[in-house]
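The values are calculated or read from the model by the stated rules, or taken from the named source; none is laboratory data. What you are looking at is a predicted structure, and each value in this text was computed from that prediction instead of being measured. Heads up, the Cβs are rebuilt from the backbone with ideal geometry, glycines too, and the neighbour counts pull from every protein chain shown. The protein model used for the area step is the full one, side chains on, heavy atoms only, and it has no ligands, DNA or RNA in it. Shrake-Rupley method; radii C 1.70, N 1.55, O 1.52, S 1.80 Å.
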Amino acid sequence: MSNFPATRNIVLTGFMGTGKTTVGRLLAERLNRPFVDMDDAIQAHFGKPIPDIFAQEGEAAFRAVEAELCRRFAREAGIVLSTGGGALVNPANREALAQTGVIICLTASVDEILKRVEQADDRPLLPGSQAERARRVRELLQARRPAYAAIRQQVDTTGYTPEQVVERVLEILEAEMEVPGMTRIPVQGPEGSYPICIGEGLLAHSGRLLRNRGLRPGPAAIVTNPMIAPHYAAPVAESLREAGFEPVICQMPEGEQHKTLETVASLYDQFLAAGLDRRSPVIALGGGVVGDTAGFAAATYLRGVPLVQIPTSLLAMVDSSVGGKTGVDLPQGKNLVGAFKQPVLVIIDPNVMATLPAPEFRAGLAEVIKHGIIGAPELFRQLEEHGPLNLTQLVADAVRVKVQVVEEDPFEQGRRATLNLGHTFGHAIELVSQFSIRHGEGVAVGLVAAGHMAADLGLCDRALADRITRVVERHELPISLQGYDIEAVMEAMAHDKKRAGKTLRFVVPYALGDVRLIDDPGPEVVYRALARVLQP
Ligand SMILES: NC(=O)c1ccc[n+]([C@@H]2O[C@H](COP(=O)([O-])OP(=O)(O)OC[C@H]3O[C@@H](n4cnc5c(N)ncnc54)[C@H](O)[C@@H]3O)[C@@H](O)[C@H]2O)c1
Ligand SMILES: [Zn+2]
């Protein structure tokens, strides 16, 4: 960490209860830097405590002094600054501080925030009973979400001690040194943590990123396919070479029909021929098919070698490259053989989507919309309106939802099931279409059906179901399909359920950011939801 420039400021911001003061103080101690607390500075300026400033001078006066102090602190060098939650809502404040420092936003779940501020009585924005406080926190968070979303570096503090949060902040500073502007999302896996690095042009830095993850120079396999290799194999190989690796390009055929054990066997051959040993990395460069197949090969070759995921499709970026599931299909069904294999590193370069066919991009958007509903309401709202600020933000916000869910449930025993929102419907429709529709299209229709099912059951407002429908439609994904027999789709569901030996389970939205599982809602309910999206 000694690398981070001594003169550059570190600015911690976030909502109340996210721990910015505690973490800021600890961080300043660790780095031997001066610590400045914006709230203290404001109180010193007015000569009275914050609740009194709000009560006697009003919020406008408070914000004006805050803005002045932002400009002043931006002129300091090498401080750790923690700023009140509302300070960076003003874009001018953000810009001033970003000139001379890196801004990191601490976040936490609403429940965690409520828990942490429970006993606090010096919070000017939180008067009243517990229920009123909860409502106020939700409202305020809602209002500030767009401002927080504009901050690239985010650290979710839910469930972490201040010391652990400091570690995460240090990792971000490290990333700023590696590639300035890179977004780094740490994932806490069952066998340790690994980073997801996101940034435009990141392919050209892949060699350095691998080295910094402790991978040893020597042979490295880049697994890719003939669609992707012509565009991206050379830049990755070049970057690896510069970092001291000996890259070997290992080809697998294009298409889901080659996500097979035969392909895995052919990869083993290529790994052996290239002289890969137990410490040599396998780098999956491609969509979900390459990621799953190369991942499984990496999980099993020599009982497991380090895996690096470089996803190139939107779906692979926001879904398949994160969470450690790898595997291949059998003639009897999809994904029937596989292993959990956590990558040591995920590198996402949104620029590669320039060559991604538009229908593939849209299919990935279905999963992005899904993640928005599950846990990124602000992203959902952006998708309803003008779209996200840029691809990096879109991918990062969607990835964060998946990260949060898999961190809670790495081996898919509980919460991870919520990632199947829209998928019970979607899978069955895909199956009945004999895979003539894309997975993403099935999911899109499935999201619409899940929204209506929830509304039919009175679990959410009809307005939410309508919003989901409109977002799906806005992104040129299907909201209904023609030529489908509802009974056939219901049979496909029942068959799937029998095979899995489970009850028929649906994930339904209660609200944006709140989805839950329901078991066996009954055939009439399922039929009704399907009837809304399928026409004969
Ligand atoms: N492991 C998991 O957790 C998980 C999760 C979801 C899906 N999956 C799996 O992912 C697979 C689907 O992934 P997918 O949608 O990425 O399909 P895919 O890998 O087949 O990619 C779609 C198409 O786009 C091409 N492509 C990808 N990136 C490109 C780029 N940048 N430029 C040009 N062409 C590009 C591919 O070659 C392919 O033709 C399925 O096999 C599914 O089972 C796995
Ligand atoms: Zn999916």
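Per-structure values
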{"item": "Peptides ranked, highest mean first, by Cβ atoms within 10 Å: ranges 147-153, 390-396", "result": "390-396, 147-153"}
{"item": "Shape box of region 84-209 [Cα atoms, principal axes, largest first, Å]", "result": "55, 40, 20"}
{"item": "Region 407-474, accessible surface, carbon-and-sulfur percent (1.4 angstrom probe)", "result": "45 percent"}
{"item": "Surface share of carbon and sulfur [accessible, 1.4 angstrom probe, percent] for region 93-242", "result": "50 percent"}
{"item": "Along each principal axis, Cα extent of region 156-208, largest first, Å", "result": "35, 21, 15"}
{"item": "Projected-area average for region 361-535 over all orientations - Cα convex hull basis, square nanometres", "result": "9.3 nm²"}
{"item": "Rounded accessible area per residue of region 1-83, 1.4 Å, Å²", "result": "45 Å²"}
{"item": "Distance (nanometres) between label positions extended 7 Å along Cα→Cβ at Ala265 and Glu68", "result": "7.7 nm"}
{"item": "Per residue solvent-accessible surface (Å²) - region 192-356, probe of 1.4 Å", "result": "37 Å²"}
{"item": "With Cα atoms, 0 to 90° folded angle of helix 261-273 axis to the chain main axis", "result": "70 degrees"}
{"item": "Three-way shape call for region 192-356 based on the alpha-carbon gyration tensor, with the a/c threshold at 1.5", "result": "rounded"}
{"item": "For Arg30, net neighbour charge (Lys/Arg +1, Asp/Glu -1) across residues whose Cβ lies under 12 Å away", "result": "-1"}
{"item": "Formal net charge of residues neighbouring Val165 (Cβ-Cβ distance under 10 Å; K, R +1; D, E -1)", "result": "-1"}
{"item": "Euclidean distance of C-alpha centroids, region 36-83 and region 416-467, integer Å", "result": "48 Å"}
{"item": "Cα pair distances exceeding 43 angstrom across the chain, given as percent", "result": "22 percent"}
{"item": "Shape category assigned to region 1-111 from the gyration tensor of Cα positions, a/c cut at 1.5", "result": "prolate"}
{"item": "Ranked packing of 351-358, 486-493, 183-190, 6-13, most packed first, by mean Cβ within 10 Å", "result": "6-13, 183-190, 486-493, 351-358"}
{"item": "Cα gyration tensor, region 309-450 - rounded (a/c under 1.5), prolate or oblate", "result": "rounded"}
{"item": "Accessible solvent surface per residue of region 395-533, calculated while the other protein chains remain in place, 1.4 angstrom probe, Å²", "result": "45 Å²"}
{"item": "Per DSSP, loop GluC sites (Glu not before Pro) in region 319-398 with at most 16 further Cβ within 10 Å", "result": "Glu385"}
{"item": "Kirkwood Rh, Cα atoms: Rg over Rh of region 143-247", "result": "1.04"}
{"item": "Greater than 25 Å apart at Cα, pairs in Lys20/Lys48; Lys115/Lys341; Lys48/Lys115; Lys115/Lys370; Lys115/Lys502; Lys370/Lys502", "result": "Lys115/Lys341; Lys48/Lys115; Lys115/Lys370; Lys115/Lys502"}
{"item": "Antiparallel bridge percentage (DSSP; both residues within the chain; nearest 5)", "result": "35 percent"}
